[in-house]
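The values are calculated or read from the model by the stated rules, or taken from the named source; none is laboratory data. Since the model is a prediction, treat every value here as computed from it, not as a measurement. Positions of Cβ are generated from backbone atoms using ideal geometry, with glycine treated the same way; all protein chains shown enter the neighbour counts. Only protein heavy atoms, including side chains, enter the accessible area calculation; ligands, DNA and RNA are left aside. Shrake-Rupley method; radii C 1.70, N 1.55, O 1.52, S 1.80 Å.
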Amino acid sequence: MKNRVTELLEIKYPIFQGAMAWIADADLAGAVSNAGGLGIIAGGNAPKEVVVEQIRKVKKITDKPFAVNIMLLSPFAEDIVDAVIEEGVKVITTGAGNPTKHMPRFKAAGIKVIPVVPSVAIAKKMERIGADAVVFEGMEAGGHVGKTTTMAGLPQIVDALEIPVIGAGGVGDGRGMAAAFMLGAEGVQVGTRFVVAKETNVHQNYKDKVIKARDIDTVISSVHFGHPVRALKNKLTREFEKAEIAALRVENPDLEIFEELGKGALRAAVVDGDMDNGSVMSGQIAGLIHKEETVSEIVEDIYAGFQATLKTAQRFED
Ligand code: TUI
């Protein structure tokens, strides 16, 4: 398959693996790149030395293109910018913020920059400052989310930009990929389906919870305070909900409780398998995911499903 995204990145399939903090390590990213997609190492909140180690490791696993995601809310974001430049990383994505101030350094280093954006306004700004493409992530996605759905937002972003748009949020199989392409996307980013890949170092409890999840099992916490995050419902999300209701009732709420509740929660879920106090971030598409598979099975299934869906759609041509 050839389009602007496969040509820009020199990859076989325009399928990105979402940069899920604590989950998207060198093992997952390397497997996705080897399968013909774009594997992405999540910088998350990790310090520089951890990210450097993962970059060196992924280069041993694959000789294909890969990317690093810089999570801009991280206290180490600046260090990760240094790391990707020093380690000769060729493609980066950014999330949870505005990468404008780092852009001159990325460009000087010849790095392809693909910001994740939640709205038309931010997408246009990214194009203006020299982004090579953008990922538009609808609110069906897991983790930190914006306010617009993939279905409504994607065609609006596509119309607003000249550069390629990759669709994310709610894409779990070939039908989702075909739908994103119908809306004008030239690539997709898939997160939740890769959580249950055999190659990930994710606690089995986390994988089982995603596999058991139904369509209505995710919830967005911290809608009114801090950063909205979509995760599977559990004790932690109920505590967030309680804290939020209480905070909405008072004039000057103490917002520290949100910090406290969120601290270390993703690590607790991914590494320790704590399904009560951990943050089990997941997209709404979890209900579609029924089994563990290898990364290569997932990538091939998405692409085959994409082609089959396009064939079905052709039956409506006159
Ligand atoms: O970043 C994500 N998803 C994430 S980051 C994350 S770690 C975290 N955990 C708890 C609280 C906050 C973060 C977990 N999941 N997706 C990409 C994404 N980017 N979603 C939304 C945005 C975004 C938001 C605002 C991108 C740009 C932006 O710009 C605002 C500005 O300053 O212009």
Share of alpha-carbon pairs per 5 Å distance bin for region 191-318, given as whole %: 2, 11, 17, 18, 15, 12, 9, 7, 5, 3, 2, 1, 0
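Under the √(5λ) rule applied to the eigenvalues of the Cα gyration tensor, what semi-axes describe the equivalent ellipsoid of region 1-48? Give them in Å, descending.
Working through the eigenvalues yields semi-axes of 23, 10, 7 Å.
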Added length on full extension, which subtracts the Cα-Cα distance from 0.36 nm per residue, D272 to E10: 90.6 nm
For region 29-186: accessible area per residue (Å², 1.4 Å): 39
GNM top mover of R230, R175, R193 - the chain, alpha-carbon springs below 10 Å: R175
q = 0.10, 0.12 Å⁻¹, region 1-154: log10 I(q)/I(0) [Debye, one scatterer per Cα]: -0.31, -0.45
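Say R0 is 35 Å: what FRET efficiency, to the nearest 0.05, do K90 and T294 get from their beta-carbon distance?
Working: r = 26 Å, r/R0 = 0.73.
Once rounded, the FRET efficiency stands at 0.85.
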Rounded FRET efficiency, nearest 0.05, which uses the C-beta distance separating I163 from L248 and R0 of 41 Å: 0.55
Sites R214 and A108 - FRET efficiency at Förster radius 45 Å, r taken between beta-carbons, to 0.05: 0.40
With every protein chain in place, region 122-203: carbon and sulfur % of accessible area (1.4 Å): 53
Accessible area in the full protein assembly, largest first, 1.4 Å probe, for V219, V117: V219, V117
Members of K64/K125; K12/K291; K147/K198; K60/K107 lying beyond 28 Å, as alpha-carbon distances in this model show: K64/K125; K147/K198
Subset of K101/K263; K90/K212; K101/K212 violating a 31 Å alpha-carbon distance limit: K90/K212; K101/K212
Globularity index of region 243-318, i.e. its alpha-carbon radius of gyration over 2.2 N^0.38 Å: 1.86
Cα pair distances of the chain binned at 10 Å [whole percent]: 6, 28, 37, 22, 5, 1, 0
Average Cα contact separation per residue, region 201-318, under 8 Å, 6 or more apart, as relative contact order %: 33
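Just in region 122-180: which GluC sites (Glu not before Pro) are loop by DSSP and have at most 16 other Cβ atoms within 10 Å?
Sites meeting the loop and neighbour criteria: E162.
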Carbon/sulfur fraction of accessible area - region 1-71, other protein chains in place, 1.4 Å, %: 52
GNM flexibility winner over the chain from E292, E259, E186 (Cα, springs under 10 Å): E259
